[in-house]
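The values are calculated or read from the model by the stated rules, or taken from the named source; none is laboratory data. From a predicted model like this one, the values you see are computed outputs, not experimental measurements. Ideal geometry is used to build each Cβ from the backbone, glycine not excepted, and the neighbour counts take in all protein chains shown.
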Amino acid sequence: MNVIDWLVSLDPAIASMTRRDLLEESEIRNEWNQSLAEKPGIVSRILSCVDSTTKMWGGGIYSPKYKSTHYTLMDLTFLGIDPTDVHYQEGIHLVSNAMWPPLGLVRKNHYQDMCVSAMMLGMLAYGHSLSPKVNELVDYLIKGQMADGGFNCLWQKVPRPNSSSLHTTLSVLEAIDKYIRCGYLYRMNEVFALIQPAVEFVLTKRMFRSVRTGNIIHPDMLAWRFPSGWKYSIIRCLDCFQSLDIPYDSRMEEAIHYLVEHADEYGRLPAIAPHPGQYHFRYESTKGPSAFNTLRLCRIVKKYRPNVWNHWISKGIKQ
């Protein structure tokens, strides 16, 4: 049993994503997508937490973090839920209707936060929504790119911020990834044009360091917490980069090395506690390896460290 076999033996969502991303069994995607919610596992457990009357999770749209409808839908998106699932479809339209008023104008002179807007676009795109809000959100992202190439959650604030945020920039890149993958065409050339400057913004920071001082911006950026919520981390960012097929850059090296060095000899990352907040249930024990983060690391290493990847998959896990 190597790391792939180990992942396939776990929760149905982990097994399905492993088969899709590491074994590249794309031809069976419809088969496992359609039945994922019915299999006993994390996706079916999350779906069982929805309120059948309000169609919400956690009793709210955006809060409490992290079991509200918004953040629950983000988790389901990551876990590869069938995008046609009725609860998912009801949820994404409930959230977008509540949180994206016409043109995003929440109140006078205040537009919806860019990070929240990006997360909504990602969920709507994953759900193949035909809502006109999708185009409005794309317009908003294109309009909001800052001079340094990245994005800032409060880019419309007066006085306007001078620099972008790693958190918001990553949320935008993840949304773009889903928008492209799900076959949307609206303003596609301009959407593509957002990617490279945003990636360059991240790389100027070597993924997690201050350009000015060289210091680590925040220790949480090195932690592989799952769920990620809205917070930036190097594992979440590198996973997004590999999904967008961003070429290797030497400025990724320190971050990749850090993650590989913290994995065991088989390629498994240890589980750590999630971000403080409310959850429907604990997604995995903090004792032993983390399935969710091992999968993310494997996708990263397969793309950017093929020699390490080949070593891991050739190594049998000792029971």
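How many of the residues in segment 260-270 are out of contact with any helix residue (DSSP H, G or I) (no Cβ under 7 Å at 6 or more places or on another chain), under 18 Å from residue 222 (Cβ atoms) and assigned to a loop (DSSP other than H, G, I, E, B)?
From segment 260-270, those out of contact with any helix residue (DSSP H, G or I) (no Cβ under 7 Å at 6 or more places or on another chain) are 261-262, 264-265, 270; that's our starting set.
Remaining after also requiring under 18 Å from residue 222 (Cβ atoms): 261-262, 264, 270.
Now narrow it down to the ones that are assigned to a loop (DSSP other than H, G, I, E, B): 264.
Number satisfying all stated conditions: 1.
For the structure I just gave you, tell me whether residue 73 is modelled with pLDDT of 95 or more, crowded, with 20+ Cβ neighbours inside 10 Å, more than 30 Å from residue 317 (Cβ to Cβ) and among the aliphatic types (A, V, I, L, M).
yes
Each row is one residue, and each column tells you yes or no for (1) at pLDDT 95 or above; (2) under 18 Å from residue 238 (Cα atoms).
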position	(1), (2)
255	yes, yes
258	yes, yes
261	yes, yes
266	yes, no
269	yes, yes
281	yes, no
292	yes, yes
297	yes, yes
317	no, no
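Determine whether segment 99-121 contains at least one residue that is surrounded by 14 or more Cβ atoms within 10 Å (Cβ to Cβ), in contact with a Pro (Cβ under 9 Å, 6 or more places away or on another chain) and assigned to a helix (DSSP H, G or I).
no
Run residue 294 past the list (1) hydroxyl-bearing (Ser, Thr, Tyr); (2) in a helix (DSSP H, G or I); (3) touching a helix residue (DSSP H, G or I) at 6+ places or on another chain (Cβ under 6 Å) and report the number of the one that doesn't hold.
Failing condition for residue 294: (3).
Residue-by-condition table, conditions (1) surrounded by fewer than 20 Cβ atoms within 10 Å (Cβ to Cβ); (2) of a type outside the set (S, T, N, Q); (3) under 20 Å from the mean Cα position of the chain (by Cα):
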| site | (1), (2), (3) |
| --- | --- |
| 125 | no, yes, yes |
| 136 | yes, yes, no |
| 155 | no, yes, no |
| 158 | yes, yes, no |
| 169 | no, no, yes |
| 174 | no, yes, yes |
| 181 | yes, yes, yes |
| 188 | yes, yes, no |
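Looking only at segment 245-282, filter to residues that are at positive phi and of a type in the set (Gly, Ala, Ser); which one of those is surrounded by the most Cβ atoms within 10 Å (Cβ to Cβ)?
For segment 245-282, the residue satisfying everything is 267.
Which residue is farthest from residue 208 (Cα to Cα), if the candidates are limited to segment 242-259 and must be in a helix (DSSP H, G or I) and in contact (Cβ under 8 Å) with a residue 60 or more places away in the chain?
Of everything passing the filter in segment 242-259, 243 is farthest from residue 208 (Cα to Cα).
Considering every residue within segment 176-184, establish whether at least one is part of a loop (DSSP other than H, G, I, E, B), within 16 Å of residue 231 (Cβ to Cβ) and touching a Gly at 6+ places or on another chain (Cβ under 9 Å).
Checking segment 176-184: not a single residue is part of a loop (DSSP other than H, G, I, E, B), within 16 Å of residue 231 (Cβ to Cβ) and touching a Gly at 6+ places or on another chain (Cβ under 9 Å).
In the list 210, 233, which residue meets the criterion of being free of Cβ contacts under 8 Å to residues at least 40 places away in the same chain and more than 19 Å from the chain's Cα centre (by Cα)?
Residue meeting the stated conditions: 210.
Residue by residue, here is whether (1) among the acidic types (Asp, Glu); (2) at pLDDT 95 or above holds:
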| position | (1), (2) |
| --- | --- |
| 1 | no, no |
| 30 | no, no |
| 51 | yes, yes |
| 56 | no, yes |
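In segment 204-217, is there at least one residue being buried (at least 17 other Cβ atoms within 10 Å of the Cβ) and either farther than 18 Å from residue 171 by Cβ or at pLDDT below 95 (or both)?
Within segment 204-217, one or more residues are buried (at least 17 other Cβ atoms within 10 Å of the Cβ) and either farther than 18 Å from residue 171 by Cβ or at pLDDT below 95 (or both).
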